[in-house]
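A.B. asks: This structure is in C-alpha cells; I'll ask about it shortly.
The values are calculated or read from the model by the stated rules, or taken from the named source; none is laboratory data. All values derive from a computational prediction rather than experimental measurement. Cβ placement follows ideal geometry from the backbone for every residue including glycine, while neighbour counts extend to all protein chains displayed. When the accessible area is computed, the model is the full protein with side chains, heavy atoms only, and any ligands, DNA or RNA have been set aside. Shrake-Rupley method; radii C 1.70, N 1.55, O 1.52, S 1.80 Å.
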Amino acid sequence: MIKIIACGKLKEKWMKDGVAEYVKRIRPYDKLEVIEVQDEKAPETNSAAENEQVKVVEGQRILKNIRDDEYVILLDLAGMDIDSIALANKIQDCYNHARSKITFVIGGSLGLSNELIQRADFRWRISKATFPHQLCRILVVEQIYRSFRILHNEPYHK
C-alpha cells in the first residue's frame, strides 16, 4: 500500500484532476491513499520562533497519520537526489523486505519539523528547482506511477 500525506488541500481543479488521474492509473498495481492534513497559517511576523512552531504543529498532524510499520519517504530539499529508476528500486526493496506500507510525506511551505525529519526512513529531494507544494503532489503521484511501470517492464514515455 502506498500513502501520500500532504500538508494542505489542493485548491485548483486541474491539480485535483491530475492527482486523481494518476491515482486511477496506480490502482492496478497497488492501493494508493492520499491524506491531506490541515496546514497552519504562516505567521505575519515571520519570526524564526513562530515559523518553527508552525513546522512543529504541521509535523505533529502528519505524524498522527504514520504507523510504526510504514516506510516513510520524506520530500526534503536537503534529501537525496534520485532518478526514476532508483525510486522504482527503492519501492521494490520495500516490498521485498516486508515493508509493504510506503508513505510519502509532503510537508508545509515553511519546511519540516525536526521530529518529522527524524521519523523519515529516506529523505528525497524531488528536484533542485523550487515548486509549489501543491504541484509536488502531482509530481510524486506521477513518479510513483512511473515506478510501477518500470517495475513491471511496461513502456512509458521517457
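A.B. asks: Which one is most open to solvent (accessible area, probe 1.4 Å), of the residues in the stretch 13-65 that are of a type in the set (Lys, Arg) and outside any loop (DSSP other than H, G, I, E, B)?
C.D. replies: The qualifying residue most open to solvent (accessible area, probe 1.4 Å) is 13.
A.B. asks: Could you please find all residues in the stretch 1-20 being free of Cβ contacts under 8 Å to residues at least 24 places away in the same chain and either among the aromatic types (Phe, Trp, Tyr) or touching a Phe, Trp or Tyr at 6+ places or on another chain (Cβ under 9 Å) (or both)?
C.D. replies: If the condition is that a residue be free of Cβ contacts under 8 Å to residues at least 24 places away in the same chain and either among the aromatic types (Phe, Trp, Tyr) or touching a Phe, Trp or Tyr at 6+ places or on another chain (Cβ under 9 Å) (or both), then 14 is the only one that fits.
A.B. asks: List every residue pair whose Cβ atoms sit under 9 Å apart, with the two residues 6 or more apart in sequence or on different chains, where the first one lies in the stretch 78-102 and is over 23 Å from residue 112 (Cα atoms) and without any contact (Cβ under 8 Å) to a residue 12 or more places away in the chain and the second, anywhere, is open to solvent by less than 60 Å² (accessible area, probe 1.4 Å) and among the small types (Gly, Ala, Ser).
C.D. replies: Listed pairs, sorted by first residue: 89/147.
A.B. asks: Moving on to the next point. Name the residue that is nearest to residue 46 (Cα to Cα), counting only residues in the stretch 120-147 that are out of contact with any Leu (no Cβ under 9 Å at 6 or more places or on another chain) and in a loop (DSSP other than H, G, I, E, B).
C.D. replies: 132
A.B. asks: Here's a check for you: in the stretch 82-104, which residue that is closer than 17 Å to residue 120 by Cα and of a type in the set (D, E, K, R) is surrounded by the fewest Cβ atoms within 10 Å (Cβ to Cβ)?
C.D. replies: In this case the residue turns out to be 93.
A.B. asks: A further question on this structure: Looking at 150, 117, which is the one that is in a helix (DSSP H, G or I), modelled with pLDDT of 95 or more and out of contact with any Gly (no Cβ under 9 Å at 6 or more places or on another chain)?
C.D. replies: The conditions single out 150.
A.B. asks: Take the residues of the stretch 120-145 that are charged (D, E, K, R) and open to solvent by 40 Å² or more (accessible area, probe 1.4 Å): which is modelled with the lowest pLDDT?
C.D. replies: 128
A.B. asks: Answer yes or no as to whether residue 109 is within 15 Å of residue 37 (Cβ to Cβ) and small (Gly, Ala, Ser).
C.D. replies: When the stated conditions are applied, residue 109 passes them.
A.B. asks: Take residue 16 and decide whether it is touching a helix residue (DSSP H, G or I) at 6+ places or on another chain (Cβ under 9 Å) and charged (D, E, K, R).
C.D. replies: no
A.B. asks: Can I ask one more? When you go through 64, 90, 128 one by one, which is the residue that is of a type in the set (D, E, K, R) and under 22 Å from residue 29 (Cα atoms)?
C.D. replies: Matching residue, one of 64, 90, 128: 90.
A.B. asks: Among (1) touching a Phe, Trp or Tyr at 6+ places or on another chain (Cβ under 7 Å); (2) under 24 Å from residue 9 (Cα atoms), which single condition is residue 111 missing?
C.D. replies: Going through the list (1) touching a Phe, Trp or Tyr at 6+ places or on another chain (Cβ under 7 Å); (2) under 24 Å from residue 9 (Cα atoms), residue 111 breaks only (1).
A.B. asks: From 68, 93, grab the single residue that is more than 14 Å from the chain's Cα centre (by Cα) and part of a loop (DSSP other than H, G, I, E, B).
C.D. replies: 68
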